[in-house]
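Okay, structure first, notes after.
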Amino acid sequence: MPKRPPHLPGDASSDTDVAAMIRVDHAGEYGAVRIYEGQLAMTGRGPAGDEIRRMAEQEQRHLAAFDDLVRARHVRPTLLQPLWHAAGFVLGAATALLGERAAMACTVAVEEVIDAHYRAQTERLADRDPELAAMIAEFREDELRHRAAALEHGATEMPLYEPLVAAIKAGSRLAIWLSTRF
């Protein structure tokens, strides 16, 4: 079967495609920061709270890097940022109110979606924008460590783990789809 040309009439330009990636990743890191802020508002000290704090600090660094990219490359942030501001905090707070294991289940769900999302972006960017691809690959590794830490803190032992994770994954995929476009 013949290989598809890299760009066909009607396709988004490479610059538009990369801008959409930056926009959605910026929104995602912003949402992650808000989830952890919501969790920390409801979680006390202790092993899970300390781990959440470490993950939140890392997400803050990711967000700062995407803030810089948004400015440097003149990318319009998502118009849905006010929604992600509230939704992220509410998701974090609600899962933390269900307990530390639920908060960790939230992390597992989000990070599994982000793993696939960042992997696909890295593959698409490899030749077009190696610097951005390397940054996303580095952040993906951080997200995988967050997932591993959440599993170590008993995420799967939470009652109703599967339905909670499925719902959060569906919401995360929807947020990605919407943030790419708006």
All other residues with a Cβ under 14 Å from the Cβ of residue 133 taken together, and with Lys, Arg as +1 and Asp, Glu as -1, what is their net charge?
-> -4
How much length is gained if the chain between residue 45 and residue 85 is pulled fully straight, taking 0.36 nm per residue apart and subtracting their Cα-Cα distance, in nm to one decimal?
-> 12.0 nm
Which of 99, 27, 154, positive extreme of dipole for segment 16-181 (C-beta unit charges) | 27
Of 99, 38, 88, which has the largest mean-square fluctuation in a 10 Å C-alpha GNM of the chain?
-> 99
Pairing the Cα long axis of helix 100-125 with the longest principal axis of the chain, what angle in degrees results, from 0 to 90 and rounded to the nearest 10?
-> 10 degrees
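Kindly put 70, 18 in sequence by how many other C-beta atoms sit within 10 Å of each C-beta, fewest to most. Mind dumping the intermediate values first?
Numbers: 70 17, 18 20.
The order, fewest Cβ neighbours first, is 70, 18.
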Can you give the angle from 0 to 90° between the axis of helix 14-42 and the longest principal axis of the chain, with both taken from C-alpha atoms, to the nearest 10?
-> 10 degrees
Compute the Kirkwood hydrodynamic radius of segment 51-135, taking the inverse of the mean of 1/r over all pairs of distinct Cα atoms, and give it in Å to one decimal.
-> 14.9 Å
Here are some values of Cα extents along the principal axes in Å: [x] 55, 40, 28; [y] 53, 38, 25; [z] 45, 36, 33. Which one was computed from this structure?
-> [y]
Which value, in debye to the nearest 20, gives the size of the charge dipole of segment 16-181 about its Cα centre, when Lys and Arg are +1 and Asp and Glu are -1 at the Cβ?
-> 520 debye
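How much length is gained on full extension from residue 167 to residue 126, taking 0.36 nm per residue of separation minus their Cα-Cα distance?
Values: separation 41, 0.36 × 41 = 14.76 nm, distance 3.15 nm.
In short, 11.6 nm is gained.
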How far is helix 81-97 tilted off the main Cα axis of the chain, in degrees rounded to 10, range 0 to 90?
-> 30 degrees
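For the chain, what is the calculated [θ] at 222 nm in deg cm²/dmol (nearest 500), taking -39500 (n - 2.57) for each run of four or more DSSP H residues and dividing by its residue count?
Working: 6 runs with 142 residues, N = 182.
Dividing the helical sum by the residues of the chain leaves -27500 deg cm²/dmol.
Which order do the peptides 150-158, 166-174 take when ranked by the mean count of other beta-carbon atoms within 10 Å per residue, highest first? Kindly include the intermediate steps, with their values, before the conclusion.
On the way: 150-158: 17.2, 166-174: 14.9.
Output ranking for 150-158, 166-174: 150-158, 166-174.
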Distance in nm between label sites at residue 76 and residue 64, each 7 Å beyond Cα in the beta-carbon direction?
-> 2.9 nm
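Read-outs: derived from the displayed coordinates by stated rules, not from any lab. Fair warning: this is a prediction, and the values are worked out from it, not measured in the lab. We place every Cβ from the backbone using ideal geometry, glycine too, and count neighbours over all the protein chains shown.
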